[in-house]
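Notes follow once the structure below has been shown.
FYI, it's all coordinate maths here, none of it is from the lab. The structure displayed is predicted, hence computed values, not measured ones. Here the Cβ positions follow ideal geometry from the backbone for every residue, glycine too, while neighbour counts run over all protein chains shown.
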Amino acid sequence: MKQLQKENLKVEIYDIVEDLGKAAAIFVAKVLQNEIAKKGFANLILATGASQFSFIESLQNQDIDWNKITVFHLDEYKGMSITHPASFRKYLKERILEKVQPKNVYYLEGDAKDIEAEVLRYEELLKNHPIDIACIGIGENGHIAFNDPPVADFNDPKLVKVVELDEACRKQQLGEGWFPTFDDVPTHALTLTISAIMGCKVISCVVPDERKSQAVFNTINAEISTACPATILRTHENTVLYLDKNSASKL
């Protein structure tokens, strides 16, 4: 494992994705254990997508008192049913949450009849459950959650909003195999804002794969701006970026 630091951002680089996932899972488990020891409960945000597979698998093997944890997630496609293969609710439910049985799980209902009311509902839940640790990734376009460059706002007054997805983001979803054609990829999503993510006490950011290497390079080296939204992570006081040798190949 190699380490480096850019401003506040701690970076750990592993040879293989399995080691990356395990290291991030151990780190997240420790944060959760410490919070439970301090106050009897913890609040957690989980990410989804192909990049999170090894981390999500390893997290289930950690010694975590799940019945004291409340779980949120980062985003969901607008209008999408929980039964759709690409649903992030379905992903989390099947890959981890049905297995570990947390105390509470609050899903962003992308197919809610009243989307404005759903945004306000989720915002209120987040306000009432300050997040101890957010587990996130970085998109090929440098987004965090669905805050793509055209809609990213470092000073967003909202915690949750509806956004239009840019072409690069939609192409990534297609490339990961979640949809049969580009036209099937939704154009809009509900997402936690950058303000919501940056307000979390600790952030664990898991980013494997060569296809993320340019976004990783930009995150660490580019000017802090919404041209690469993930650059803002360099200003957070407790974030660890987990890379494999492929995603770190341009550093």
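So the values come out like this:
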| quantity | calculated |
| --- | --- |
| Under-22-angstrom lysine pairs by C-alpha in segment 135-251, whenever the two are 8 or more apart or on separate chains | 7 |
| Dipole magnitude (debye, nearest 20) for segment 2-244, charges at Cβ of Lys, Arg, Asp, Glu | 740 |
| Value of Rg/Rh across the chain [Cα atoms, Kirkwood radius] | 0.93 |
| Rg over Rh, two decimals, segment 1-116 (C-alpha only, Kirkwood Rh) | 1.01 |
| At R0 = 35 Å, FRET efficiency that the Cβ-Cβ distance of residue 37 and residue 164 yields, to 0.05 | 0.25 |
| Contact order relative to length of the chain, as percent, for alpha carbon pairs under 8 angstrom and 6 or more apart | 26 |
| Point-to-point label distance, residue 201-residue 61, nm (Cα→Cβ direction, 7 Å offset) | 2.7 |
| Residue 131 long-range amide H proximity, modeled H, under 5 Å | 201 |
| Distance from segment 90-118 to segment 67-83 (C-alpha centre basis), Å | 3 |
| Loop-located GluC sites (Glu not before Pro) in segment 1-77, at most 13 other Cβ atoms within 10 Å (DSSP) | 7 |
| Partners for residue 99 among lysines (Cα-Cα distance below 21 Å; same-chain residues under 8 apart left out) | 22, 30, 68, 90 |
| Whole-angstrom Cα spans of segment 31-178 along principal axes, big to small | 43, 32, 29 |
